[in-house]
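*Asks:* Got a structure for you, questions after.
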Amino acid sequence: MPPELKTIVDDHYQNLYRFAYSLTRSSDDAWDLTQEAFLRLAQKRSSIRSASAIKSWLYTTLYREFIRVAKKAKRFDPWEEHESTAQPSDTSLNQIRKAEANDLLDALGRLKTGYRQVVALYYLESYSYKQISEILDIPIGTVMSRLSRGKDMLKAEIQAPNASRNERLVPFSSPKQRPSNG
């Protein structure tokens with residue numbers, strides 16, 4: 001692997017994977033999408049005009065691959081949701097924060113795709129409205145609308161009981177609080 005490609009992978013892999021996971025809700029599918037994006041970068045790197053465009057190009061490529069695969073396998077629904085059944089046994093601060101982060105990602109994963117993509121790109125990847133508009137190929141007004149509605153839906157999802165497990169999400173807590181079990 002050429003050093004500059006290795007540097008690009010090192011710089012962007014984790015965030016690109018996280019975006020793919022927010023789309024697919026499956027670690028295997030997220031890994032596949034991320035690998036496909038980097039494979040295409042290796043094949044088409046010479047056609048990218050500037051180094052500053054690589055990050056946006058990777059996200060756009062990954063998103064388009066997600067759409068392509070989803071359309072191709074529409075009848076089979078390969079992006080099934082995998083729920084974690086493990087409950088934190090030790091209530092140390094790190095475990096509480098990890099559980100809260102997992103619950104937030106699970107709640108994000110339950111949002112409709114259009115809203116989930118915008119919220120993930122804005123909050124997880126810190127993209128601007130304009131960059132999200134370019135990546136998803138939608139107007140800026142639509143980005144703003146989906147972000148606003150997506151935040152409201154995410155808040156409601158976090159505060160509402162989880163219908164599939166019939167229990168509440170771990171509440172966001174201060175370091176001295178313990179999560180409730182019920």
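The values are calculated or read from the model by the stated rules, or taken from the named source; none is laboratory data. Just so it is clear, the structure is predicted and the values come from calculations on it, not from any experiment. Reconstructed Cβ throughout: ideal geometry from the backbone, glycine too, with neighbour counts over all protein chains shown. Protein only, heavy atoms only, side chains kept; ligands, DNA and RNA dropped before computing areas. Shrake-Rupley method; radii C 1.70, N 1.55, O 1.52, S 1.80 Å.
*Asks:* Going highest first, how would you order 124-137, 46-59 by mean Cβ packing within 10 Å?
*Replies:* Per-residue Cβ counts within 10 Å, averaged per peptide and sorted highest first, yield 124-137, 46-59.
*Asks:* What pairs from LYS112/LYS151; LYS55/LYS98; LYS112/LYS155; LYS55/LYS112; LYS98/LYS155; LYS6/LYS130 go past 23 Å between their alpha carbons?
*Replies:* Cα-Cα > 23 Å for LYS55/LYS98; LYS55/LYS112; LYS6/LYS130; rest within.
*Asks:* Determine the gain in length on full extension of the stretch SER52-LYS112; use 0.36 nm per residue of separation and subtract their C-alpha separation, reporting nm with one decimal.
*Replies:* Extra length from SER52 to LYS112 when fully extended: 18.6 nm.
*Asks:* If I take R0 = 35 Å and measure r between the Cβ atoms of ILE67 and ARG97 in this structure, what FRET efficiency does the formula 1/(1 + (r/R0)^6) give, to the nearest 0.05?
*Replies:* Once the sixth-power term is evaluated, E becomes 0.60.
*Asks:* At a 1.4 Å probe, what is the % contribution of carbon and sulfur to the accessible area of the range 22-73?
*Replies:* 49
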